[in-house]
Amino acid sequence: MKLDECTFWAIYNIIREIEYTLRIIKTDLDLRPIYHKTDDASMAHLNLGLLAYGLVATITHIAGVSFLLLIFKLHL
């Protein structure tokens, strides 16, 4: 599957936003650092990331602005 430049850039930005979202949520919940010693811990981390992205996607859809802009405004 060959992606054009715009599609590739959009996918990259979605992945970047997911990683940023998880990083912020882990920091706010004081869940850092994360050390995976078991498969269950790895799956829990993955599920938390998916949950975080779903939450952020819902909030940004309702608010109509990007998550990064919301975080910036909340931290002012």
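Observations on the structure shown:
- Neighbours by Cβ (under 7 Å, 6+ apart or cross-chain): first from the stretch 1-18, closer than 18 Å to residue 57 by Cβ; second small (Gly, Ala, Ser) and in a helix (DSSP H, G or I): 18/49
- Number of the condition not met by residue 65 [criteria: (1) modelled with pLDDT of 75 or more; (2) assigned to a helix (DSSP H, G or I)]: (2)
- Qualifying position, being modelled with pLDDT of 75 or more and closer than 19 Å to residue 72 by Cβ, among 55, 51: 55
The values are calculated or read from the model by the stated rules, or taken from the named source; none is laboratory data. Please read these numbers as outputs of a predicted model, since none were measured by experiment. Ideal geometry is used to build each Cβ from the backbone, glycine not excepted, and the neighbour counts take in all protein chains shown.
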